[in-house]
Structure formats: structure tokens, C-alpha cells
Amino acid sequence: MVKLIQQFVSCCRAAGLRISTAEILDCLNQLRLIEVTNELEFRATLRANFAKSMREVSHFDRLYHLFFHEMRVDPADVAQSTALASQIRHLTEILKKKEHDNHMFDTVVNFLAGNPLDFLKEMRRIQTASDFDVQATRFNLGPLAERFNMLLQISSSAAAIAQLLQDQSLDISSTARNELDLHFTERLNAARSILLYEPRPGDKNTKKIKTYEQRLQELGERPFSSFTQQELEEMREAIDKLVRKLKNNVSRRFAVKHRGNLDVKKTIRSAARYGGVPVEIKYRHKSLRRSKIVTLCDVSGSVWAAARFMLNLLYSLQECFDKVNSFVFIDELTDVTTVFEQKDINEAIRYVLEEADVNYNAQTDYGVTLRHFQRDYMDLLTKKTTLIIVGDARSNYMHPEDAILGQMRDRCRRVIWLNPEQEQIWGTGDSEIKTYIHHCHEVRQCSNVNQLIAFIEELVL
């Protein structure tokens, strides 16, 4: 065990980790107190003594895996492992006698033989290399050339091993040749991975500052149902800012009474009273054309999270439309228009969730919902009305009554369906969205806040 730890420490030192003799002795004393055959305890003990900080943990873990896993011969079958180890030594000795003029070839061969020390020292030298020319240069061609040279030697070793294993004069069985080929291939791949691996200090303790916009952008990509209470408050604040921005844009669009494009005809007509002198300048007046909104929101299960945000936005944007009629449903429709007109948004949502006449134990039935709307609320739909349906269209295999949706489309200006599910699962199981698509002007996925905000901006602007 002592010799094994010493070899591992030598590899760690060669790779750049600073390990003192006192730390080695402490580690050996602690190994007496644990079950060394338990790898979790064994690795934790070595890591606690040899990795000085969290910044060195990832580098230590890479070296540990290399030394105790990639460089070890499988001890499952002792006799077979012993024979394989002797054949590995024999083949690598033959390779060392091969004529070559590059010292890196020997380091690669030693690595294949199970001694990674020279290879790690060479990689450490390459990684810390710098140009010491009198005239400074802005390029790192020196280290790159060294890496390329090492890659060539690894490729040369691979070719030499392949040629050696095909030599029939060697007293090696076909089974052993296959095992040796697999073994050398794994070690060559390990050498290439070390060559490409650039040890970097860990960043677990690095404080990363994100701007407010980046934070909102990340939250906006999260599904509605995954928000915590604090994140809900953050998104409400962001939505409030968006609402104020949209209201200002709508107000500016129609505020043209005393500015805007000159209305030449009206100005000349008004000037007739003053002998043709244009005393009063007239501007083109753009009449305020607001549309009506009717929303049907499925509030069953996870769909409620999407409906909650949708109702929140529509509540805040009521000034941008002539009228917003809001309905929630699971099977039967419940008109919550008055609630949203008279109550604060949070109080309104709480009322809908806790006190409104909604049977939350019922199974979702879009067919019953459409029949109820056809019976009692069809007059709300006019050619100025935009009908927005929020739901996953999962109707528990009940009749979808898609013909009624077709009648609703004929009466209103637009029918828009917002589906909070991923588009890949539309139409699977009891989903009737493929049936309803034919009666909608627009069907779009709306599973996060960013998609919802993009839709609202298009709707208002």
C-alpha cells in the first residue's frame, strides 16, 4: 500500500499538484482507520490530503481515475492478469528497442507499459511552456508544436503496436492478441485524452454576476410549473414592466391630435374662414380601434400554471382592448370577467382558485365546455373579437365537439390556441389538439413566460 501511494503521489507531483511528505504520512495514518477496499472512503481520504482546495479537486479526480482505473490491469482473474502483464512488458521492451530519434516516443511506450510518470512530466512541461526568446512573440507556436509532436509519437506507437501484434513469430495466442489490442487501444486513448486535456482550476467558488435581464431571460425559458414562490414574484415584476411598456406604446400610437402627419385637405378647408390663410394646422386623426378579447382558460392540473400567467397579463392589458371576457373551465364554464374587473389581480386569482364555482375534482371535458359556451355566450363573438383558448386539449377521450369550435371561428375575427405542452407530444393519448387545429387561425406552443410575452406583444402591437 505504501509503495502504491508513493507511485500515485509521484504522478500527482508530475502533473503539478503540490504534495508534501507530511501530507503523505498523514494520509497513510488515516488509511489505517478506514476500509481501504471501499473505494469511496479510499478516494475521499486521498482527496482530503492531496487536493488543497476546491480549485484542485477536478484535477485530482482526473489523476485518480487515470492511475487507479485506466492504468490498472483487471485483477478479476489473477492468473490471466499476470500473464497479460508479462506480455505487455515484453511487447513494450521490443518497442523501446525500435529505432527512433524522439525522446517522446519512450515516454509514450512507458505510459503503455503502465508507468505514466514520464508522460505526465512531459505534459506538465508542455502545459507550462513559454517562449523565452529575446524578441517577444504574441503566438504560442512553441507549445502547439510540442503537443503536435506528442500526438505524432502516440500515432507512431499505435502503428508500431498494431504491426507488432500482427507478427506471427511471437508466441502469443489469438485470444491474447485480441486482449492486448484492446488494452493498448484503451491506453492510447487515455494518452490522447491527457494530451487534449488542459487542467483548469475549478470555478465552484467563483461568484458569477448575472444582469437583471439575463436572470429574467433564464427564468423566462423555465416551464410555468417549475417556478418557486420567489421566482413567481420576480416574473410578476417583469410582467408589470412589460405591461407598462405596452400601454405606453398603445397610447402613443393614437396620440396624434396635435402632432403627426399633416392633413392638407382639412387645413385648406379650415383656412377658408380666414381668407385662405392657414391659421389652424390640422393633422390626420387615427381613430382608436380596439378589439375585444374572449379567453377560455383550462385550469386543470399543470395547465393552471399557464392559465395563471395568461390571465395575469390579460388583466393588466384590459386598457388596450374594448372588453376582455374571461372564462375558466375544467368541464363547465365559469365566467370570471367581473372578478377580474373589480378585484386586484392577486386577489382575483386567489378567488378563482379557491372560491369560484369550479369543480376541480371533475375530469377535463372540452366538449362540455364548448357546448356550454354555445348555449350561453355565443353572442360575445363578433367580427371584432379575438378568441384565445389556453389548454392542452386533453379531453379524457370525451367527444371533442370540434364542430362547435368551427361555428365559433365563423363568428369571430381570430381563434388562437395556446398549448402549454411540448409540440412533440401533441396529438398523443387523449389529446385532441390535432382535431381542433383545423378550426383555429393560429396554434402555438406556450410553455414558458418568454413564449407568452412574445405572443402578447404580437397581440397588442
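The values are calculated or read from the model by the stated rules, or taken from the named source; none is laboratory data. None of the values given here were measured: they were computed from a predicted structure. FYI the Cβ positions are ideal-geometry reconstructions off the backbone, even for glycines, and counts take in every protein chain you see.
Structure notes:
- Residue within the range 358-380 that is surrounded by fewer than 18 Cβ atoms within 10 Å (Cβ to Cβ) and closer than 30 Å to E237 by Cα present: yes
- Residue check for Q342: under 14 Å from L296 (Cα atoms) and either in the same structural domain as S431 (by TED's automatic domain parsing) or surrounded by fewer than 14 Cβ atoms within 10 Å (Cβ to Cβ) (or both): no
- No other residue among R371, R409 is in a helix (DSSP H, G or I), in contact with a Cys (Cβ under 9 Å, 6 or more places away or on another chain), basic (K, R) and in contact (Cβ under 8 Å) with a residue 12 or more places away in the chain apart from R409.
- The set of residues in the range 51-68 that are under 17 Å from L120 (Cα atoms), surrounded by 15 or more Cβ atoms within 10 Å (Cβ to Cβ) and not aliphatic (A, V, I, L, M) comprises E56, S58, H59, F60, R62, Y64, F67, F68.
- Taking the criterion of being within 23 Å of F309 (Cβ to Cβ), out of contact with any strand residue (DSSP E or B) (no Cβ under 7 Å at 6 or more places or on another chain) and exposed (fewer than 15 other Cβ atoms within 10 Å of the Cβ), the residues of the range 426-461 that qualify are A454, E457, E458, L461.
- Within the range 427-447, the set of residues being touching a residue at least 12 places away in the same chain (Cβ under 8 Å), farther than 21 Å from H372 by Cβ and of a type outside the set (S, T, N, Q) comprises G429, I437, H438, H441, E442, V443, R444, C446.
- Residue match in the range 302-313 (condition: modelled with pLDDT of 70 or more, surrounded by fewer than 16 Cβ atoms within 10 Å (Cβ to Cβ) and out of contact with any Phe, Trp or Tyr (no Cβ under 9 Å at 6 or more places or on another chain)): no
- Long-range neighbours under 7 Å by Cβ, at least six apart or interchain, first residue part of a loop (DSSP other than H, G, I, E, B) within the range 181-204, second modelled with pLDDT of 75 or more and of a type in the set (A, V, I, L, M, F, W, C): G202/M54; G202/V57; K204/M54
- Within the range 156-177, tally of residues that are surrounded by 12 or more Cβ atoms within 10 Å (Cβ to Cβ) and either touching a Leu at 6+ places or on another chain (Cβ under 9 Å) or at pLDDT below 80 (or both): 10
- The residues of the range 426-461 that are assigned to a loop (DSSP other than H, G, I, E, B) and among the hydroxyl-bearing types (S, T, Y), listed by number, are T428, S447.
- Among residues of the range 63-86 that are within 27 Å of S174 (Cβ to Cβ) and of a type in the set (D, E, K, R), those with a beta-carbon under 9 Å from a residue that is modelled with pLDDT under 65 and assigned to a helix (DSSP H, G or I) at least six positions away or on a different chain give the pairs D74/Q80; D74/S81.
- Of the residues making up the range 381-394, those that are assigned to a loop (DSSP other than H, G, I, E, B) and surrounded by 19 or more Cβ atoms within 10 Å (Cβ to Cβ) are L381, G391, D392, A393.
- Meets criteria (modelled with pLDDT under 75 and either in contact with a helix residue (DSSP H, G or I) (Cβ under 6 Å, 6 or more places away or on another chain) or surrounded by 13 or more Cβ atoms within 10 Å (Cβ to Cβ) (or both)) for Q87: no
- Tabulated pairs, the range 448-460, first free of Cβ contacts under 8 Å to residues at least 60 places away in the same chain, second aliphatic (A, V, I, L, M), C-beta under 7 angstrom, 6+ apart or interchain: F455/L418
- Filtered residues of the range 7-24 (kept if in a helix (DSSP H, G or I), within 24 Å of I126 (Cα to Cα) and not small (G, A, S)): Q7, F8, V9, C11, C12, R13
- Only listed residue being modelled with pLDDT of 80 or more, surrounded by fewer than 12 Cβ atoms within 10 Å (Cβ to Cβ) and not acidic (D, E), chosen from T107, T37, T45, T92: T37
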